[in-house]
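Undergrad: Structure incoming, see below.
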Amino acid sequence: MAQIYKKENGEWAYRVFYRDEFGKRRSVNNSHFKKKSDAQNAAREIEMKKTQVGISQQKENITFDDYFKQWIKTYKAGRFSKSTQTKYDLIQKFVHDSFGNTKLKKVTKFEYQQALDKYAEDHVKTTVAMFNSAIKASLKDALEQQIIHLDFTRNAIISGEKKSKEIKYFEIDEANKLRDYCLKNSNIYKITRYAIALSMATGLRYAEVVGLTWNDIDFDNNTINVNKTYDYKNRTGFKPTKTPSSVRLLDVDIKTMKLMKHLKLEQAALFLKQNYKNTDNLVFINNLHQTPGDAAANKALGVLQNNLKIKKDNHLTFHALRHTHASILFSRGVSLEYVSARLGHSSTLITSKIYIHLLKDQKKHDAKKAVAIFS
């Protein structure tokens, strides 16, 4: 039974007792009612709620992130395929990144629409619709439990790109031709060729490539420490990596390390002759003491594609070298976990989403190998 009492200031209040999920006796109280009947009516609603679904302050104050996580665990876990699990993991990440510690009951239609619109900026419309549909389904239970009283997904506007951006990369024979040329024909006057060879061997983003300093390259252990980027567009100097997970230590092949050693010696000799001091200790600084921008790198790559008759009618950009690196690793059966870490992704979910088509090809290849074993 609810307790209805009058406070010293003349206002009426109620207190409703309940037991939480651990069996501990707790209470919910409210005051500021001018009439006793108002307090009784409010308490009656709480009592009805307690009878129907139980009261839990923990549920009342649950975050959107925790609620959706619990909803998946309760209603979805173990009831679908691995690919569907990946889908829900992506939605969970969207909820976590977009709303953080925001309580479920505090999420507004406006905030939710903003989050959807932001996600839609670089995702296809069908993905955004799928996310909204799953979240909408989860809120039906939240409404039944009276954690929320408004479905903030209702009438949400779904936008996004019409179709997925197809990742572009060089085929293995094209990549080998391009890499071999750069290994044999790089010099400080054509410094972007060094960058092309390095990115193809490591999967580094362009900002990570030009952000390297000579102390990042360990010639004794054949490793490269990726720990910063360089603002090649505005020339404001070093910047942090794209995400914390982008900071990584990479093992690099002997040929590429020899090429980098050649650049270091060539650069040191030329700068000594020019009486120039490389104060930032930059790796990719040319004979004019400049770090080429990505436009220059893309142009140089286009020239090489023409000269080597590679993708002549469809020039690929420098970023395609990163995709090429990933595609080669997948084609050799390297695990998703390793490729994801090597590329500096924050989770394998991101990697699997970007390279879903390559992973499907690998799965088919693995299936053929499995069948061949028992043939």
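The values are calculated or read from the model by the stated rules, or taken from the named source; none is laboratory data. Bear in mind that the values here come from a model prediction, so they are computed numbers and not experimental data. Please note: Cβ atoms are built from the backbone with ideal geometry, for glycine as well, and neighbour counts cover all protein chains shown.
Undergrad: Could you tell me whether the range 191-201 includes any residue that is at positive phi and in the same structural domain as ILE310 (by TED's automatic domain parsing)?
TA: Step one: filter the range 191-201 for residues at positive phi, giving none.
No; the residues of the range 191-201 include none that is at positive phi and in the same structural domain as ILE310 (by TED's automatic domain parsing).
Undergrad: Of all residues being in a helix (DSSP H, G or I) and surrounded by fewer than 15 Cβ atoms within 10 Å (Cβ to Cβ) in the range 94-110, which is nearest to the chain's Cα centre (by Cα)? Just the residue, please. Write out each step before concluding.
TA: Our first condition is that a residue be in a helix (DSSP H, G or I); within the range 94-110, this holds for 94-99, 104-106, 109-110.
Adding the requirement that they be surrounded by fewer than 15 Cβ atoms within 10 Å (Cβ to Cβ) leaves 97, 106, 109-110.
On the way: ASP97: 9, LYS106: 25, LYS109: 24, PHE110: 24 Å.
Ranking the candidates gives ASP97 first.
Undergrad: Let me ask something additional. Going by the structure shown, is PHE219 over 16 Å from LEU343 (Cβ atoms) and surrounded by 15 or more Cβ atoms within 10 Å (Cβ to Cβ)?
TA: no
Undergrad: Let me ask something else. For the range 340-360, what are the residues that are of a type in the set (A, V, I, L, M, F, W, C) and either in contact (Cβ under 8 Å) with a residue 24 or more places away in the chain or not in a helix (DSSP H, G or I) (or both)?
TA: Residues satisfying the conditions are ALA341, LEU343, LEU349, ILE354, LEU358, LEU359.
Undergrad: Still on this structure, please answer the following. Could you say whether any residue in the range 283-290 is among the hydrophobic types (A, V, I, L, M, F, W, C), part of a loop (DSSP other than H, G, I, E, B) and more than 16 Å from ALA197 (Cα to Cα)?
TA: Yes - at least one qualifying residue is present in the range 283-290.
Undergrad: With modelled with pLDDT of 80 or more, surrounded by 15 or more Cβ atoms within 10 Å (Cβ to Cβ), aliphatic (A, V, I, L, M) and not in a loop (DSSP other than H, G, I, E, B) as the only criterion, which of LEU301, LEU316 stands out?
TA: Criteria check complete, one pass: LEU301.
Undergrad: Related question: Do the conditions hold for THR86, that is, is it out of contact with any Leu (no Cβ under 9 Å at 6 or more places or on another chain), touching a residue at least 24 places away in the same chain (Cβ under 8 Å), surrounded by 12 or more Cβ atoms within 10 Å (Cβ to Cβ) and polar (S, T, N, Q)?
TA: Numbers: out of contact with any Leu (no Cβ under 9 Å at 6 or more places or on another chain): no; touching a residue at least 24 places away in the same chain (Cβ under 8 Å): yes; surrounded by 12 or more Cβ atoms within 10 Å (Cβ to Cβ): yes; polar (S, T, N, Q): yes.
Here the answer is no, as THR86 does not meet what is asked.
Undergrad: Moving on. Going by the structure shown, is LEU143 more than 18 Å from SER352 (Cβ to Cβ), of a type outside the set (Phe, Trp, Tyr) and crowded, with 19+ Cβ neighbours inside 10 Å?
TA: No; evaluated as a whole, the condition is false for this residue.
Undergrad: I've got another one for you. In the same structural domain as LYS242 (by TED's automatic domain parsing), in contact with an Asp or Glu (Cβ under 8 Å, 6 or more places away or on another chain) and more than 26 Å from PRO244 (Cβ to Cβ): does that describe LYS299?
TA: So LYS299 fails the test.
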